[in-house]
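Asks: Let me begin by handing over the structure; questions about it come next.
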Amino acid sequence: MARKPRPDPALLPFRRERILAVGLVSALAPIPLAFTGALPPTALLVYLAALGVVLGFVKAGRVPCLADRWLNLAGVAYFALFWFGVRFGGRSLLRTALHILLFTAVLKLASIKRERDFSVSLVLATFLLVASMATSTHSTILLFLGGYAVVAWPILSRWALWRDLAAAPDEWRRDERAREIPSRRAVAVSLGAAFALAIPMFVLFPRLKTSYIQGLPGGDAGESGFSDTVDTNLYGRLRQSDKVFLRVVVEEGPLLDDPPFLRIRLLAHTRFSEGVWRPPADRGRVVAMRDGNRLSLRPWGGPRPEATHRLSLEVAPLGIRFLPYPVTALSASASPELTRRWGVVPFVRDGDGNFRLTVEPPPLMRFEVLSAAEPLVDRTPPEPGDEATRPVGSATIRDWGREVAAGVDPRADPWLFARRIEEHLATRYFYTLDSARWGPSAVEEFLTSRRSGHCETFATAMALVLREHGIPTRLVTGFAGGERGPFGSYYLVRGREAHAWLEAWCGPERGWVSFDPTPASGRPQVTRLDLVRSVGQFFGNLEFLYGRWILGFAQADQASIATAVREAVAAIEEKAKAVARAVSSIAAGGGPARLLLGVLGAVALAALVLLIGRLARGVGGFGMRGLPPASAAYRRLQRLLRRRGGALTPASAPSETLTAADRFGVGAPSREIVRAYVAESFGGRPTSPAEAERLTALLREARAARSRT
């Protein structure tokens, strides 16, 4: 039996054009991988260099086509390299898969032998794009996707044309303009339609119960610097971040340059042992945010001032389940998303003003707060034996405090004693984020010799000094300050605004008073931005929203959207019923009212008939309104063949139209019409008036030929 001869790769239609096209998208697709850390930049450069060599040969007309034996040899060589990297380089599974994908993409482009090899190369380029999108968590990937679409979409449109024309080689050999890129208008319309379709698909596509990527948009505890404990013996640079963790929007009330509500309280620690602060052991009582009700955030035993601001707080994940709220907060209410998610949002409130969420927080927690003009004061005295009163028993700390506040009795005037300690630390010690390893007595070392540290160091030292003199204290972590938005009534709070201070019990008249012994250089401030930094804040906002609504979009968000749609439909239904009742009352009113109602009904019916007729002639029936001459003639030809019995739609390919024309005996005039349509729509060539008249005559010829059959 004779062996079937192998096809000659040089005879593949549009071989050179298609290799260059898929090579371009293969070069663009993996670029983000070098910025996400999924791929070393050197590996990407090697890939781009190898791809450039292949495309350079193709551009010069010397299209490479590696034989199978060379492909097998390259595969064995790469397998050896892969084994060496896994054995000694410690590659991750993701990086290994990406290396194989890049290697395969280059070799496939250099060995196109059959028609299906083009499709395989295009699929490999698509996998590279999917890898880039899947490993990127920054909002700038959307800019890359937009640029990639602008470049790749015309190529893919032309790719579909090549596929159709490959079955009719005589057509594209006679008219070289068929190889040209489609018109910009057609590409823009189709690209816009694709993005418009992608939005509802993104919303409706089945989701996991929670988002796959956690800790976004703000980050995890390592990025924010927050945890359930504060270890003062940690050394190294305090981990802070430029990530946006809170957005505070002023819904009602004046905008202030230094608003007191930007001191955000997160967690008060009372237990201190072996250099570590821990939350109170008090289990507290269960409270909840309910739909339609407000949760009181006022300190127990405090006054009830008037609200001056209504704020909306959007909180990204902080790594702990405690509710951040302004020190001026009076009450809070949950957003509709939270109440739809849980129905009731449960917290455990302890005696130190901490609100611990008992369920897993969503990717972005939003709630509304009523705020007073000044910080609220907790006047609830500590219980006897409270952890906030327990000293560490250090003579060094006690002597240091007595020396600094000489002449002030801490029991007679605890507020003045605390003010002396605060002022001394804030003015005679130094703020720094860099520190070496602490010794076994970190606070004593800081007070007597080191004299520098970060905010947690200062707050811890002052809290322990006051405890040694009988003044109850608690360490508070949260945020202080932020950036005032230049384009709206909001403030952005970033990781670098993370701060620590303390609260000290200064007697029944003053209650728990806040003190901040950190030097001024280490206290976060409210800043106004110049134009350049305003642009940076815009992208910070974009990243915040991208992390919440793209990366963090989960099943609960879909349920919230479905509930909102259902409520909107119910509201429209109620409005429709109200209109129907009004119409019924008018109809029952007598002659003039009934006449007016009849006229309105007739006008509405006529408008509906006209609309249906236009849609039937347009979208569903090969509409020609606004089309160029050749495209309009092509649509008329399709409609003519459809009436004859051809199974054609506006989306049918030119080859399908020609097949139907040959079947009905009108192939000769139809070929010229289709050729003009391809040149006009995909080659960007305008149709002259003389050619338009020629197309009209060809249509008449086709109709005449049809009538004779």
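The values are calculated or read from the model by the stated rules, or taken from the named source; none is laboratory data. Here the structure is a predicted model, which means the values were calculated and not measured. Positions of Cβ are backbone-derived with ideal geometry, glycine not excepted, and every protein chain shown enters the neighbour counts.
Asks: Need the failing condition index for residue 317 against (1) closer than 20 Å to residue 250 by Cβ; (2) part of a loop (DSSP other than H, G, I, E, B); (3) in contact with a Pro (Cβ under 9 Å, 6 or more places away or on another chain), just the number.
Replies: Of the numbered conditions (1) closer than 20 Å to residue 250 by Cβ; (2) part of a loop (DSSP other than H, G, I, E, B); (3) in contact with a Pro (Cβ under 9 Å, 6 or more places away or on another chain), the odd one out for residue 317 is (1).
Asks: Out of the residues in the range 367-403 that are touching a residue at least 60 places away in the same chain (Cβ under 8 Å) and of a type in the set (Val, Ile, Thr), which is farthest from residue 265 (Cα to Cα)?
Replies: Step by step, filter the range 367-403, then rank; the result is 397.
Asks: Return the only residue of 123, 150, 106 being surrounded by fewer than 19 Cβ atoms within 10 Å (Cβ to Cβ), touching a Leu at 6+ places or on another chain (Cβ under 8 Å) and assigned to a helix (DSSP H, G or I).
Replies: 150
Asks: If you don't mind, there's one more thing I want to ask. Going through the range 321-345 one residue at a time, which ones are part of a strand (DSSP E or B) and either surrounded by 22 or more Cβ atoms within 10 Å (Cβ to Cβ) or at pLDDT 90 or above (or both)?
Replies: 322, 325, 326, 329, 330, 331, 332, 333, 334, 345
Residue by residue, here is whether (1) basic (Lys, Arg); (2) modelled with pLDDT under 90; (3) surrounded by fewer than 22 Cβ atoms within 10 Å (Cβ to Cβ) holds:
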site	(1), (2), (3)
475	no, no, no
479	no, no, no
488	no, yes, yes
496	yes, yes, yes
500	no, no, no
504	no, no, no
518	no, no, no
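Asks: Spot the failing condition for residue 60; the list is (1) at pLDDT 80 or above; (2) of a type in the set (Gly, Ala, Ser); (3) within 20 Å of residue 121 (Cα to Cα), and only one is missed.
Replies: So the condition that residue 60 fails would be (3).
Asks: May I pose another question? Does residue 367 count as crowded, with 18+ Cβ neighbours inside 10 Å and under 30 Å from residue 248 (Cβ atoms)?
Replies: Against the criterion (crowded, with 18+ Cβ neighbours inside 10 Å and under 30 Å from residue 248 (Cβ atoms)), residue 367 qualifies.
Asks: Are there any strands (runs of 3 or more DSSP E) wholly within the range 257-303 with 2 or more residues that are among the aliphatic types (A, V, I, L, M) and either assigned by TED's automatic domain parsing to the domain that holds residue 463 or at negative phi (or both), and if so which?
Replies: 263-269, 285-290
Asks: Let me ask something additional. Which is modelled with pLDDT of 90 or more and surrounded by fewer than 20 Cβ atoms within 10 Å (Cβ to Cβ), of 528, 467, 510?
Replies: Residue meeting the stated conditions: 510.
Asks: Let me ask you something else. What number of residues within the range 290-327 satisfy the criterion of being hydroxyl-bearing (Ser, Thr, Tyr) and within 15 Å of residue 355 (Cα to Cα)?
Replies: 2
Asks: Considering each residue of the range 630-646, count those that are touching a Lys or Arg at 6+ places or on another chain (Cβ under 8 Å) and closer than 10 Å to residue 703 by Cα, and give that number.
Replies: The total comes to 1.
Asks: Take the conditions in a helix (DSSP H, G or I) and touching a residue at least 60 places away in the same chain (Cβ under 8 Å) and apply them to residue 353. Does it pass?
Replies: Against the criterion (in a helix (DSSP H, G or I) and touching a residue at least 60 places away in the same chain (Cβ under 8 Å)), residue 353 does not qualify.
This table checks each residue for (1) at negative phi; (2) in a helix (DSSP H, G or I); (3) free of Cβ contacts under 8 Å to residues at least 12 places away in the same chain.
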position	(1), (2), (3)
445	yes, yes, yes
460	yes, yes, no
466	yes, yes, no
486	yes, no, no
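Asks: While we're on this one: For residue 80, indicate whether it is at pLDDT 75 or above and in a helix (DSSP H, G or I).
Replies: Criteria not met by residue 80.
Asks: Just to verify a result, which residue in the range 658-705, among those that are aromatic (Phe, Trp, Tyr) and outside any helix (DSSP H, G or I), is modelled with the lowest pLDDT?
Replies: The residue in question is 682.
Asks: Do we have residue 43 as farther than 19 Å from residue 12 by Cβ, out of contact with any Gly (no Cβ under 8 Å at 6 or more places or on another chain), in a helix (DSSP H, G or I) and in contact (Cβ under 8 Å) with a residue 12 or more places away in the chain here?
Replies: The answer is yes for residue 43.
Asks: So the check is Cβ under 7 Å with 6+ separation or different chains; which pairs have a first residue in the range 668-693 that's on the phi > 0 side of the Ramachandran plot and assigned by TED's automatic domain parsing to the domain that holds residue 650 and a second one that's small (Gly, Ala, Ser) and buried (at least 19 other Cβ atoms within 10 Å of the Cβ)?
Replies: So the pair list comes out as 684/183.
Asks: Select from the range 252-277 the residues that are modelled with pLDDT of 90 or more and of a type in the set (D, E, K, R) and list them in ascending order.
Replies: Matches in the range 252-277: 252, 263, 265, 271.
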